[in-house]
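These notes concern the structure reproduced below.
Only the coordinates and a few stated rules stand behind these numbers; no lab work does. Source: prediction; values computed, not measured. Cβ coordinates were reconstructed from backbone atoms using ideal geometry, including for glycine residues, and neighbour counts include every protein chain displayed.
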Amino acid sequence: MSITAEKTDLVAYCRQVAQQAKQAASELALVPAETKIAWLRRSAELLRANSSLIESANAIDLEAAPGYGLTDAQTDRLRLTPDRIRAIATALEEVAELRDPVGEVLSTTQRPSGLTINKVCVPLGVVFFIYESRPNVTADAAAICVKGGNAVILRGGKEAMHSSQAIVSQLHEAAREVGLPEHAVQLVSTTDREAVGHFLHLPECIDLAIPRGGEGLIRRVAAEAQMPVIKHFQGNCHVYVDAAADLNMAIAITINSKCQRMGVCNAAESLLVHADVASEFLPALAIALQENEIEIRGDQRCCELIEFARPASEEDFGAEFLGPIISICVMSSLQDAVKHINRFGSGHTDAIVTDDPKAAQQFAVGVDSAAVMLNASTRLNDGGEFGLGAEIGISTDKFHARGPCGIEALTSYKYVVQGNGQLKK
């Protein structure tokens, strides 16, 4: 087959998948909540019952992992154990228990003309989801999209292809059993990178694209997509220790925000400390950071107080390290801290530690981020922690969704107007 023919076939394949998803979305709009719940629960049962089959498929991916250059941490995220498969199933059951917003009347207005204006929650339609090599995300994304009445096209990493196929096969079997539309969930079967570009040029079929992965992928999708994109480029999250902070709490929150899991978007990368408490707080914190083998890159005052700190560059204050490095800067005021965050931050998650309610309020109002944490770890910006169930991502956009994107973030609304013969005068 010629290269031209291969490309023609790829374009045709992508269009077929997208058209099937569009048709499934139309059918899903009429599917009652009870059927979606039944699908989620039956999918969970099948995942548990076929755990060994899924593990066998995962073993193929794990064997190939070194050839893809995966790190030990990436390989661990790829690995499926019986406990992890059970956790995936439990997550589906948790989504089943969430409130279904589709069809909910958001507001009702009575007009002098006699018209009744109802604002009604509706699905977005078709979601194209591009994500990294984590098999659990395959099930999570499918669950949250379908629960919200959306068809989903899943484009996972090639490193997890066999695992994702095994999971999706159970979701398809459950759909057949309960009567869910056949193409409500589709896994892209080709690993050709050009397929992503073809899908991004099908706005007549796909209503939303969501990239979840490295910054390069997200920027590519944002640049090429002809439909709206929910995204975040970086996660340079801050912890600010105020002059009125409980310093023991501040140490605990800083260490948890930075060290609990370093390679994720809501891990803290930057620490700001009010000058009034820096001389007491930073030496004590330095001990805890050293125990966790964290490299410190600080401003002049930080380096004076922590002898093993390295001088920070301006680039360090804006960096997403995703590893054992933290930048530290001593601030003369809360206002300066807010300015620093709004300049160097990524609009993701920023926290203040303070016992001063006025300072907390000023910080919450002044910092322009998707989530502002008051006396809590940045790591808590998470769909599960917020009671949203599984999330499909955390958005730093301001339109259409911001923060953890649960079911409601994958819905829109339309106006349903009830009259009794009114005409325009």
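Scan around G298 for amide H atoms under 5 Å from its own, H built in the peptide plane at 1.01 Å from N, and keep only partners 5 or more places away or cross-chain.
R310, A312, I328
Find the all-direction average of the projected area of the Cα convex hull for the range 109-222, expressing the result in square nanometres with one decimal place.
9.7
Who wins for biggest fluctuation among G197, G114, G214 in a Gaussian network model of the chain, springs between alpha carbons below 10 Å?
Evaluated over the chain, the most mobile residue of the options is G114.
To the nearest 10 degrees, how steeply does helix 51-64 sit against the main Cα axis of the chain, on a 0 to 90 scale?
60
Over all directions, what mean area does the Cα convex hull of the chain project, stated in square nanometres?
Directional mean of the projected Cα hull area for the chain stands at 25.9 nm².
Rounded to two decimals, what ratio of Rg to Rh does the range 188-246 give with C-alpha atoms and a Kirkwood Rh?
Checking Rg against Rh, the ratio lands at 1.26.
Modelling each spin label as a point 7 Å along the Cα-to-Cβ direction, I'd like the S52/K414 distance in nm, to one decimal.
Between S52 and K414, the simple spin-label model gives 4.8 nm.
By how many degrees, 0 to 90 and rounded to 10, does the Cα axis of helix 161-178 deviate from the longest principal axis of the chain?
50
Among K258/K358; K119/K231; K22/K414, which pairs are too far apart, with a Cα-Cα distance over 20 Å?
K258/K358; K119/K231
Which of the aspartates and glutamates could a cross-linker span from K158 if the Cα-Cα distance has to be under 14 Å and same-chain partners fewer than 8 positions apart are dropped?
The reachable aspartates and glutamates, counting only those whose Cα sits under 14 Å from K158, are D61, E63, E132, D192, E194.
Over the alpha carbons of the range 217-314, what is the largest minus smallest coordinate on each principal axis, giving the biggest first in Å?
Ordered largest first, the range 217-314 gives principal extents of 53, 26, 24 Å.
For all pairs of alpha-carbon atoms in the range 161-298, what percent lies in each bin of width 10 Å, listed from the first bin to the last filled one?
The distribution over the range 161-298 is 10, 25, 21, 18, 17, 9, 1, given as percents.
How long are the three semi-axes of the equivalent ellipsoid for the range 237-385, computed from the Cα gyration tensor as the root of 5 times each eigenvalue, in whole Å, largest first?
One finds semi-axes of 20, 17, 15 Å for the range 237-385.
Skipping prolines and chain starts, which residues have an amide H placed within reach, meaning under 5 Å, of the one on Y413, given they are 5 or more residues away or on another chain?
V122
From the helices alone, meaning DSSP H stretches of at least four residues, give me the mean residue ellipticity at 222 nm for the chain, per-run term -39500 (n - 2.57), in deg cm²/dmol to the nearest 500.
Rounded to the nearest 500, it is -14000 deg cm²/dmol.
What distance in nm separates the two pseudo spin-label positions at N248 and V365, each 7 Å out from Cα along the beta-carbon direction?
The two pseudo-label positions are separated by 3.3 nm.
Excluding I341 itself, calculate the net charge of residues whose Cβ lies under 11 Å from the Cβ of I341, where each Lys or Arg counts +1 and each Asp or Glu counts -1.
Once positives and negatives cancel, what remains is -1.
Note down the nm distance, to one decimal, between modelled labels 7 Å out along Cα→Cβ at R84 and at E27.
It is 3.2 nm.
Would you mind checking which residues have amide H under 5 Å from D355's amide H? H placed 1.01 Å from N; only 5 or more apart, or other chain.
A244, A245, D246
Springs between alpha-carbon atoms under 10 Å, Gaussian network over the chain: tell me which of V188, V120, V95 tops the mean-square fluctuations.
Greatest mean-square fluctuation among the candidates belongs to V120.
When the chain is treated as a GNM, springs tying every alpha-carbon pair under 10 Å, which of S43, S107, S332 comes out with the largest mean-square fluctuation?
Ranking S43, S107, S332 by mean-square fluctuation puts S107 first.
Working out 0.36 nm times the residue gap between K158 and A12, then minus their Cα-Cα distance, what length gain in nm do you get to one decimal?
Between K158 and A12, full extension yields 50.5 nm more.
Along the range 68-77, what does the Karplus equation 6.51 cos²θ - 1.76 cosθ + 1.60 (θ = phi - 60°) give for ³J(HN,Hα), rounded to whole Hz, x for Gly and Pro?
With the stated coefficients, the range 68-77 comes to 8, x, 6, 6, 4, 5, 5, 5, 5, 5 Hz.
Only sites in a loop by DSSP and with at most 13 other Cβ atoms within 10 Å count here; which trypsin sites (Lys or Arg not before Pro) in the range 83-174 make the cut?
Sparse-neighbourhood loop trypsin sites (Lys or Arg not before Pro): R99.
Write down the Kirkwood hydrodynamic radius of the range 30-176, to one decimal in angstroms, obtained as one divided by the mean of 1/r over all alpha carbon pairs.
16.7
Find how many whole Å separate the alpha carbon centroid of the range 239-298 from the alpha carbon centroid of the range 153-194.
42
Give, in nm to one decimal, the length gained when the segment between S169 and D336 is fully stretched (0.36 nm per residue of separation minus the Cα-Cα distance).
Gain on extension, S169 to D336, equals 54.8 nm.
Rounded to whole Å, give me the distance from the Cα center of the range 399-425 to that of the range 58-102.
Each part reduced to its Cα centre gives a spacing of 34 Å.
With both partners inside the chain, how many of the DSSP beta bridges are antiparallel, as a percent to the nearest 5?
Counting only bridges with both partners in the chain, antiparallel ones make up about 30 percent.
Starting from 0.36 nm per residue, how many nanometres of slack lie between E104 and E224 once their C-alpha separation is accounted for?
39.8 nm
Just to verify a number: FRET efficiency for L322 and E182, C-beta to C-beta distance, R0 = 45 Å, to 0.05?
0.70
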